[in-house]
Amino acid sequence: MIIRAVLFDLDHTLGIDHNLEASVLEQIAKEFPYLISKDKLRASLNDFQSGKISLVKMFSSLFPDQDKIRLKTLVKEYKKKCLKKAAASFTPLPGTEKTIKTLLKKKIPLGILSNGWEELQKAKAQAIGFPGAVITSQEIGAWKPDPRSFHLALEKCDFFLSTTLFVGDSPEMDIAGAKRSGMAAGWLNPENKPFPVKGLDPDFILNSLVDLLQILF
Ligand SMILES: [Mg+2]
């Protein structure tokens, strides 16, 4: 296949945010007189991040005694704190900078498709100097691994299904999702794990992001 464009996952593919959202949520939860377990906080955050519930719903499930106005204030506070920490928290993974620089030099169009809320993912992408379009599930209303999210992202980026490679770390969200959407997929697998989703194997396995350069050139 000829690869003319690359669409990336963001978190744990291009960089890591050191549990930015979980730490902000834990910090907010500490302001309340009752204790919510870390597991419960993480589970709610997961539901939000995978598009199952909204932010308001996340807060109302964690703090059911709060009224609507207070919940809205919590959402605002949460977003503000996350955005404030984004630039300092998000750090590129080994190989990210070199890979992006080389792809840019070779004029390969790049994009990001990320499950997450728009301002935060854009701030994180900016923190590592990502030069392409950043498409978030919130913006397009479809979450990975739904094949629609991949199709909508391709459309937004003006990339073709048959000539775009998706690169991500999550076997289910990124690789199985991309394969189901008809895209080629490269799995970032630094720990050399066996691929766990039967029948939807990645086209390429990358030990590090720089392996992408060998695949493409
Ligand atoms: Mg990821």
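Quick note: the coordinates plus some simple rules give every number you see, no bench work behind them. Here the structure is a predicted model, which means the values were calculated and not measured. Glycine also receives a Cβ, built like all others from the backbone with ideal geometry; neighbour counts cover every protein chain displayed.
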Original post:
With respect to K179, is the statement that it is under 18 Å from the mean Cα position of the chain (by Cα) and of a type in the set (D, E, K, R) true?
Top reply: yes
**OP:** Could you check, for region 163-181, whether at least one of its residues is part of a loop (DSSP other than H, G, I, E, B), away from the ligand (no atom under 15 Å from the Cβ) and touching a Ser or Thr at 6+ places or on another chain (Cβ under 6 Å)?
**Re:** no
Original post:
Does any residue in region 1-25 that is hydrophobic (A, V, I, L, M, F, W, C) come within less than 6 Å, Cβ to Cβ, of a residue that is near the ligand (Cβ under 10 Å from one of its atoms) and assigned to a loop (DSSP other than H, G, I, E, B) six or more places away or on a different chain, and which pairs are these?
Top reply: F8/L14
**OP:** Could you check T91 against (1) within 25 Å of A133 (Cα to Cα); (2) surrounded by fewer than 15 Cβ atoms within 10 Å (Cβ to Cβ); (3) without any contact (Cβ under 8 Å) to a residue 40 or more places away in the chain and say which number it fails?
**Re:** (3)
**OP:** Kindly check whether there is at least one residue in region 106-122 that is within 30 Å of R4 (Cα to Cα), small (G, A, S), in contact (Cβ under 8 Å) with a residue 12 or more places away in the chain and assigned to a helix (DSSP H, G or I).
**Re:** no
**OP:** Would you mention how many residues in region 168-217 are under 13 Å from K144 (Cα atoms), in contact with a strand residue (DSSP E or B) (Cβ under 9 Å, 6 or more places away or on another chain) and acidic (D, E)?
**Re:** 2
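Look at D174 and say whether it is surrounded by 17 or more Cβ atoms within 10 Å (Cβ to Cβ) and of a type outside the set (A, V, I, L, M, F, W, C). Please lay out each step first, then the result.
On the way: surrounded by 17 or more Cβ atoms within 10 Å (Cβ to Cβ): yes; of a type outside the set (A, V, I, L, M, F, W, C): yes.
Here the answer is yes, as D174 does meet what is asked.
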